[in-house]
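One structure is given below, encoded as structure tokens.
Where a number appears in this text, it was derived from the coordinates with a stated rule and is not lab data. Keep in mind the model is a prediction, meaning the values are calculated, not measured. Note that we place each Cβ from the backbone using ideal geometry, even for glycine, and neighbour counts take in every protein chain shown.
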Amino acid sequence: MKKLKKLINLFLTYFLDLPSRMKDMINPALYLTRLRIIKVFQNKEENSKIIFIYVIFQKANIPFYVKNVLDCLEKMNVVIHIVANGNTSEDSISYLKSKSHKLILRKNIGKDFGGYKDGIMLANLEGFEKLFILNDSMFYFNKNLSNFFRELINKRADYICLNENYQHHYHAQSFLLGFSRNIFRSKFFKNFWKFYLPLNSRLHTIHKGEVGLTSLLLKNGYTPFCFNNLYELRKKLLGLTIDNLNKVLEEVFFSNRMNSDFSYLQNHLATRLLFKIFIGPEDSSKIHFINSLIELLSEHNPTHACGFLFAKLFNRPCIKRDIYYRRAFNFVSIQSALDELKYSKNEISETMDELKIKGQGSCLPFLKKLHYNLGLL
């Protein structure tokens, strides 16, 4: 029965995704860069050996999390290329020009991976040592952000990601990736972007974009160094006393989760605390609990499942913007976690306002909700 349901969902997914793909396939802009690009501004001389290509999609004013990233990178004297998807207001263009070495205005074709493609193809990367690509799908909070980017830039690795996902197909998640010159000067890397078709399909972006790029790099001998990795999280959790473990998990993880998969672990921990079953840091029941937690986390999108844990335990000041839309946590628990992380009141207020406006995917009209449930939105 489960196999039949899976097959039906698979058929529905690709059936509903087909019209969008067909529409894109007959659009000449899919194949020609010049038809996607609206305007390019070369604003400053480029003197650094490190380049960040930042893809954003902002219809109104530039929000705090984009400004935080740009302010932080500007202070670090790296080269900043901004790729702005969609219609961008004149005020926003003026601000983005002041914060970047190059500003590329383009039609919103191909989502973030389409922006990456054009940003990379329009950049002369020959003189650089490191390339970072990132998008605005994360809330970047000011607290500890400079330290985070400094750590990112100083990391000696050919291939870097913030998060990795073990669901379905292993891949480095594309909202923040870093590459050394060994990679971005290679023929296989250049050809990937040259031949990548920037379809608007979310499935295409994930499978041909994120998964495709990860698979290509793995095939050529490059494995990503992941900042938010579950092995380091396990080590950090094992080092906590049982009281601190319970405190951290209640403050930023278990509190009002909308995913029932984790409820039995919450009850498991509560029972052991009640009866004082945990004896010390090496107690086997504590290790078993943490191993079970890590195993379960590996079956979920880590950006949603444990973003707050990494923010709390590793000072990673970034949370996925769709954490409420994807129903990982409820509204109140998100605000409580952000308060616990001691981010600024203004940033928290703007974050919660945006989450309210976006809402939850489960509240969409019927057809859109069906697309959402099948992973198409």
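Restricting attention to the range 18-228, close to 45% of DSSP beta bridges with both partner residues there are antiparallel. Between residue 370 and residue 345, the simple spin-label model (points 7 angstrom out along Cα→Cβ) gives 4.7 nm.
Less than 5 angstrom separates the built amide H of residue 138 from those of 321, all sequence-distant by 5 or more or on a different chain. Which residues in the range 25-62 have a backbone N closer than 15 Å to a point placed 7 Å from the Cα of residue 181 along the Cα-to-Cβ line? 47-51, by backbone N distance to the label point. Electrostatic bookkeeping for residue 58 treats Lys and Arg as +1 and Asp and Glu as -1; over the other residues with beta carbon under 15 Å from its beta carbon, the sum is +2.
Of interest is the spacing of the C-alpha centroids, which for the range 24-41 and the range 81-105 amounts to 18 Å. Sorting 166, 372 by the number of Cβ atoms found within 10 Å of their own Cβ, with the fewest placed first, yields 166, 372. Counting only DSSP beta bridges whose two residues both lie in the chain, roughly 50 percent are antiparallel. Spatial offset of the range 222-246 relative to the range 178-216 amounts to 29 Å, using the alpha carbon center of each.
The calculated 222 nm mean residue ellipticity attributable to helices in the chain amounts to -14000 deg cm²/dmol, summing -39500 (n - 2.57) over DSSP H runs of n ≥ 4 and dividing by all residues. Sequentially through the range 175-180, phi angles give Karplus couplings (6.51, -1.76, 1.60; θ = phi - 60°) of 6, 7, 9, x, 9, 7 Hz, Gly and Pro residues having no value and appearing as x. The mean sequence distance of close C-alpha pairs (under 8 Å, at least 6 residues apart), as a share of the length of the chain, puts its relative contact order at 17 percent.
Please sort 285-294, 128-137 by packing, taking for each peptide the average over its residues of neighbouring beta carbons within 10 angstrom, highest first.
Details: 285-294: 16.7, 128-137: 20.8.
For the peptides 285-294, 128-137, the packing ranking is 128-137, 285-294.
The GNM of the chain, with springs linking C-alpha atoms under 10 angstrom apart, assigns the highest mean-square fluctuation among 79, 40, 252 to 40.
With Rh defined as the Kirkwood radius, the inverse of the mean 1/r over Cα pairs, the Rg/Rh of the chain is 0.97.
Extending each Cα 7 Å along its Cβ direction at residue 150 and residue 191, get the distance between those two points in nm, one decimal. Each label point is offset 7 Å from its Cα along the Cβ direction, giving 4.1 nm. Once backbone amide H atoms are built at 1.01 Å from N, residue 330 has 258 as its partners under 5 Å, excluding neighbours fewer than 5 places away on the same chain.
The 3J(HN,Hα) values that the Karplus relation (6.51, -1.76, 1.60; θ = phi - 60°) gives for the range 236-243 are, in residue order, 5, 5, 5, x, 7, 5, 4, 5 Hz. Gly and Pro appear as x.
With the cut-off at 31 Å, tell me which of the pairs 208/342; 345/368; 5/356; 102/208; 99/155; 107/155 have Cα atoms farther apart than that.
Details: 208/342 38 Å; 345/368 33 Å; 5/356 33 Å; 102/208 27 Å; 99/155 24 Å; 107/155 34 Å.
Those over the limit are 208/342; 345/368; 5/356; 107/155.
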